[in-house]
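Written out below as structure tokens is the structure these notes cover.
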Amino acid sequence: DEFAALVSEQPDFLHALVGIAQRGRSLGVHLILATQRPSGVISDDIRANTNLRLALRLHDSADAIDVVGDRAPALFPRRVPGRAMMRLGADEHVVFQTAHVDDARAVVEAVCAAAARLPQAEPTWPPPWTDPLPDRLHRHELPGDALGWCDDPDHQRRVPLHWSPDDGSVVVAGSPGSGVTSTLRLLAIRALTRRDTHVHVLTAEATNLWDAIDAHPRGIVVARRDTERMARLLHRLRTPATDGVSRIVVIDGLDAMRRDLDAADTIELFDALDDVLAGHHHVVLVGTTRPGTVPTALLVHCAHRWVLHLHDALDATALGVPAHLVPPVVAGRVHLAGSGLTAQLVEPTALLHVVEHPTGSGMASMIDGMIDGVIDRIAPVDIVPSVVTAAALPAGRHTEGELVLPLGIDLSSGTPRSLIVPEGDHLLVLGHSRCGRSSALNRVTAAWREAHPDGLVVAVLPRRSTFDRSLADECRRAASATDLGGFDTPGRAVLLVCDDAELIDDPDARLTTLAAARSDRFTIVAAARSDALRQRYGHWTQHVRNARLGLIATGGADTDGDLLGAMLPRRLPVQPRPGLMWVVDHEGQHLVQVALDDPDLDVRSRLSHR
């Protein structure tokens, strides 16, 4: 019935009907087609195999001629419903009045009652089609580790839906409320049944739906608003795993996450996210409400594209799924682009026993996470504390004409970050008061001493500072540039430290000469207020700035980076705090919590300033 609509919605089904029409008589099968507009719908193959044609009243005489070869059906009166013409042959037509059909239900019941009185067994052949997929599935209705049932109409059967990390990445698309997050949770839970797999979840919105995964010893969940942890997790996922485990990366809300990160301030995180989506070192499970936002780099290697209900069905074409195959509004109903089948997924809560903690009757559930009695835990993604001690850093050193000065912990990677200073270059420490500027001088000096055990530190200190109290007795001190004197240190490396450099004048150009000279045994590190230094035109620190090396404290002006040729982002993953600085060198700029060589002294200093 309504054959034209069937052909429009299921064009591939036409070939099956042609086969029925061609072989029907020999198989004892009758084909009855009904349509309002036969033109352009009934193919020549079907027309050649349907020798009996009936036409009731038609609006167009062309349609009447197309069906029975006569225009009479277009002239039937409207007041006589059921008047019809039958075409028996090219020149043989019969006009008749069709009878009214009795109640269909009563007819079926009468037929069944008559069949029950006959001495014959009930038919044993299968029904012409399988039952429709249920709207909800429970765990006990599925075999083994299946995630749902797939409807396979071409073979008149249902097949279980399976997925494992070995099958590769999956893109799940659907409108809000269609079950994208639930589908991702289902896949993540399935991945955790493998003992060699770690699951990393990045979600655009913080939600308790991921709590069970986050509580699992091999799962971790980071929300978009937790920028510092997200940056560190992305940094981790850009490199291959070294512990022999398989990684599953789940990104829930990809469209919202990429939209938030697509800004000048977060372009590095945007690029890191795209690198992770490329899936070079892991399997990616992506959920989105806008299929068009999925990067091509992911689609080219992702054969599994699962489409839930979409308010605009045309959005599915971005994933290679025709609009007419988008499922209706049924929770867990999904179209699988790879196989072309429609499936019903089991509810994720049915598998939560896999990830629950062992409480009460769930004691056996943690067996999944045990290996010889030891839980194989995922490495946590912690935040960098506001106080980092120098004991966590490697020692300063020389390497291939460069000076490597470990300064602190990188907020992106959570690993030590060093400042690379080519021999002969100098560096600048910029920041406002109480930003940790003098403490950064301490760290640079300590790292330089580690690289130069026999070196000499000379300090120019126009006023008292935290750095003054940390200097050893063997260091030379001076209150101004005129007090420096000469450096009678043949073969000995020298570090010249200038705190509050904006207050240090250079009347005899002694500092200018030293800064302009490029000596592999002489280094200047100058600390100054950014705003004051910007106003000192022709100051001797200009030669120090030319190297474009140093540290810039957070919490200052947006233009502070200009002094070292760096463009700093407006937004930070954490609030500005003492010791949180941008390290600028030829490797770029990195946000670092500068370590303290004497934490007690630094804390006492901050309290006294307050």
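The values are calculated or read from the model by the stated rules, or taken from the named source; none is laboratory data. Everything numeric in this text was worked out from a predicted model, so none of it was measured. Positions of Cβ are backbone-derived with ideal geometry, glycine not excepted, and every protein chain shown enters the neighbour counts. Please note that ligands, DNA and RNA were not included when accessible areas were found on the heavy atoms of the full protein model with its side chains. Shrake-Rupley method; radii C 1.70, N 1.55, O 1.52, S 1.80 Å.
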Next item on the list: Give, in whole angstrom and from largest to smallest, the semi-axes √(5λ) of the equivalent ellipsoid of the stretch 273-320, with λ running over the eigenvalues of the Cα gyration tensor.
Entry: 21, 10, 9
Note to self: If packing is taken as the average number of other Cβ atoms within 10 Å across a peptide's residues, how do 457-463, 332-338 rank, most packed first?
What the structure shows: 332-338, 457-463
Checklist line | Charge dipole (the chain, unit charges on Cβ, about Cα centre) - positive-most of His200, Thr181, Asn51 | finding: Thr181
Notebook entry, point to check: Given a 1.4 Å probe and every protein chain left where it sits, what share in percent of the accessible area of the chain is carbon and sulfur?
Noted result: 52
Check: Longest exposed-loop-site-free stretch of the chain, with chymotrypsin sites (Phe, Trp or Tyr not before Pro), DSSP loop and at most 12 other Cβ within 10 Å?
Finding: 130-536
Item checked: Sites matching trypsin sites (Lys or Arg not before Pro) across the stretch 226-282 that sit in DSSP coil, with at most 13 neighbouring C-beta atoms within 10 Å -> none
Check: How compact and how long is the stretch 158-264, expressed as Rg and Dmax of its alpha-carbon atoms in Å?
Finding: 14.2, 50
Next item on the list: Per DSSP H run of at least 4 residues, take -39500 (n - 2.57); add these up for the chain, divide by its residues and hand me the 222 nm value, nearest 500 deg cm²/dmol.
Entry: -7000 deg cm²/dmol
Next item on the list: Please work out the Cα center distance from the stretch 1-80 to the stretch 85-139, rounded to the nearest Å.
Entry: 19
Next item on the list: Would you kindly derive the ³J(HN,Hα) couplings of the stretch 77-86 from the backbone phi angles with the Karplus curve 6.51 cos²θ - 1.76 cosθ + 1.60 (θ = phi - 60°), listing them in order in whole Hz, with x for Gly and Pro?
Entry: x, 5, 7, 10, x, x, 5, 8, 10, 10
Next item on the list: Let me have the relative contact order for the chain, percent, based on Cα pairs under 8 Å that are six or more residues apart.
Entry: 11
Check: In square angstrom, what is the accessible area per residue of the stretch 486-590 with a 1.4 angstrom probe?
Finding: 47
Check: For helix 13-27, what angle does its Cα long axis make with the longest principal axis of the chain, in degrees from 0 to 90 and rounded to 10?
Finding: 30
Margin query: With only alpha-carbon pairs counted, each pair once and no self-pairs, how large is the Kirkwood hydrodynamic radius of the stretch 495-592 in angstroms?
Written below: 14.4
Next item on the list: Could you tell me the convex hull volume per residue, in Å³, taken over the Cα atoms of the stretch 1-105?
Entry: 133
Notebook entry, point to check: If you put +1 on each Lys and Arg Cβ and -1 on each Asp and Glu Cβ, how big is the dipole of the stretch 194-270 around its Cα centre, in Debye rounded to 20?
Noted result: 340
Next item on the list: Only one of the values (1) 79, 28, 18; (2) 48, 29, 23; (3) 53, 26, 23 was calculated from this structure for semi-axes √(5λ) of the Cα gyration tensor in Å; name its label.
Entry: (1)
Margin query: Can you order the peptides 429-438, 412-421, 52-61 by their average number of other Cβ atoms within 10 Å per residue, highest first?
Written below: 429-438, 412-421, 52-61
Checklist line | Rounded, prolate or oblate (a/c below 1.5 giving rounded, otherwise prolate when a/b exceeds b/c) for the stretch 408-465 by Cα gyration tensor | finding: oblate
Next item on the list: Please list the radius of gyration and Dmax for the stretch 252-339, considering alpha-carbon atoms only, with Å as the unit.
Entry: 13.9, 42
Next item on the list: Rounded, prolate or oblate: pick one for the stretch 195-240, where a ≥ b ≥ c are the square roots of the eigenvalues of its C-alpha gyration tensor, a/c under 1.5 means rounded, and failing that, prolate if a/b is larger than b/c, else oblate.
Entry: oblate
Next item on the list: Please state, as a whole number in µm²/s, the translational diffusion coefficient that the Stokes-Einstein equation yields for the stretch 205-300 at 10 °C and 1.306 mPa s, with Rh defined as the Kirkwood radius across alpha carbon pairs.
Entry: 113
Notebook entry, point to check: Given charges of +1 on the Cβ of Lys and Arg and -1 on the Cβ of Asp and Glu, with all other atoms neutral, how large is the dipole of the chain about its Cα centre, in debye to the nearest 20?
Noted result: 760
Check: Using alpha-carbon positions, what is the distance between the centroids of the stretch 420-461 and the stretch 140-165, in Å?
Finding: 65
